[in-house]
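Notes for the one structure printed next.
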Amino acid sequence: MASTGKTKASAKPAPKSAVSAQKPAAKVVAAKPESKVAAKAAVKAIAKPVAAEVAPAPAPAPVAKRLPPAPTAASRPVVLSLNAHKKYAGLTEAEIMKQPESEYMSKAQLAFFHEKLNELRGTIIFNASDTGEHLRDAEVATDPSDRATQEEEYTLELRTRDRERKLLRKVDKVIRMIEDGSFGWCEETGEPIGLARLIARPTATLSIEAQERRERMQKLFGD
């Protein structure tokens, strides 16, 4: 009988505290299956290149317009005078320009410039004498406004004659250079001045490069 009582006692249900102790711990959020994670990663990997293809291409950078280079002394066009077809010593300016470099400052070219400069000299002297006669024969205006206008015209004419007087000195100098054989060569460098420059400015004694260099020095340091 004692054993039967023990058996019944052992068959009694366990106390609640013991049951609660035996319960599993609180539910832990289960990790997502690896298959789902791998699937999402694959979708993202596919979506990236697709987005790159759909995204608009960046606008091309504006191309800077290139301006044409400034004309240099060598690239400047040859400008003939209004008397381009007039002959000096049997040659025109166009015929002089067509001559080869070996003919530079030949006797024919020197005769051409000598005659041209003599004509320029005669024009300057004629203008000076004509201005003198005009000023001597002019009557002084009585009206104050007319007299002021007349004086302004005389002042302008005298300034023009003063510039021509300075030009006359240059013409006389260059004519002497033709006679001694130094005409056509730069006074500073000894290089040829060039037919194009001499035709445009027969009184030139410097090449274009030397003249530009002198002008830059004058701007920096003054006269």
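The values are calculated or read from the model by the stated rules, or taken from the named source; none is laboratory data. All figures in this text were calculated on a predicted structure; none of them were measured in a lab. When we count neighbours, we look across all protein chains shown, and the Cβ atoms used for this are built from the backbone with ideal geometry, even at glycine.
Under 8 Å by Cβ, and 6 or more places apart or on different chains, what pairs join a residue from region 75-100 that is on the phi < 0 side of the Ramachandran plot and at pLDDT below 90 with one that is surrounded by 12 or more Cβ atoms within 10 Å (Cβ to Cβ) and not in a helix (DSSP H, G or I)?
84/92; 85/92; 86/92
Return only the number of the condition from (1) in contact with a Lys or Arg (Cβ under 8 Å, 6 or more places away or on another chain); (2) at pLDDT 70 or above that residue 141 does not satisfy.
Going through (1) in contact with a Lys or Arg (Cβ under 8 Å, 6 or more places away or on another chain); (2) at pLDDT 70 or above one by one, residue 141 breaks only (2).
Which count do you get for residues in region 192-201 that are surrounded by fewer than 17 Cβ atoms within 10 Å (Cβ to Cβ) and assigned to a loop (DSSP other than H, G, I, E, B)?
Looking only at that region, the number is 1.
Scan region 202-223 for residues that are surrounded by 15 or more Cβ atoms within 10 Å (Cβ to Cβ) and either under 15 Å from residue 174 (Cα atoms) or acidic (Asp, Glu) (or both) and jot them down.
202, 203, 204, 205, 206, 207, 209
Residue-wise test of (1) at pLDDT 95 or above; (2) out of contact with any Pro (no Cβ under 6 Å at 6 or more places or on another chain); (3) closer than 18 Å to residue 108 by Cα; (4) outside any helix (DSSP H, G or I).
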{"position": "155", "(1), (2), (3), (4)": "no, yes, no, no"}
{"position": "159", "(1), (2), (3), (4)": "no, yes, no, no"}
{"position": "162", "(1), (2), (3), (4)": "no, yes, no, no"}
{"position": "167", "(1), (2), (3), (4)": "no, yes, no, no"}
{"position": "175", "(1), (2), (3), (4)": "yes, yes, yes, no"}
{"position": "179", "(1), (2), (3), (4)": "no, yes, yes, no"}
{"position": "210", "(1), (2), (3), (4)": "no, yes, no, no"}
{"position": "213", "(1), (2), (3), (4)": "no, yes, no, no"}
{"position": "220", "(1), (2), (3), (4)": "no, yes, no, no"}
